[in-house]
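Beneath this line is the structure, given in structure tokens, with notes to follow.
Values in this text are rule-based calculations from the coordinates and carry no lab data. Just so you know, these numbers come straight off a predicted model, no measurement behind them.
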Amino acid sequence: KQWYQRRVAITAGNDISGGGFSNIFSMPKYQMETVSGYLNSSVKGLPDSKYYNSSNRAYPDVSAMSDDFWIIIDRLLMNVAGTSAATPTVAGLIALANDAR
């Protein structure tokens, strides 16, 4: 097998996600309609509303694979993990999206 065929990624979430609502900053007007529409939709899996302040600023979470992440440095295959793997991946995707505009 080729090196990239050795493993199959499992698509699963992680319980250390960071999106949510601020406990300090009020919600700006430009978020109000979108956040209200989302919270009033039929989205399943939201936590009980007693655990967050939906009247304050919403902030998103972005995620990328960060465990068992294969990279190549100087033609050597290496396995890394953590934000050191996920951050450049997200940055690269955003750069590609911006470049495509």
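Structural remarks
- On full extension, the segment bounded by residue 51 and residue 80 gains 7.0 nm, given 0.36 nm per residue less the C-alpha separation.
- Binned Cα-Cα distances of the range 51-92, short to long, each 10 Å bin given as a whole percent: 24, 36, 20, 13, 6, 0
- Across the range 11-101, C-alpha contacts under 8 Å between residues 6 or more apart give a mean separation that, scaled by the residue count, equals a relative contact order of 28 percent.
- Between the amide H of residue 57 and those of 22, 25, 26, 27, distances stay under 5 Å, these residues lying 5 or more places away or on another chain, with hydrogens modeled in the peptide plane.
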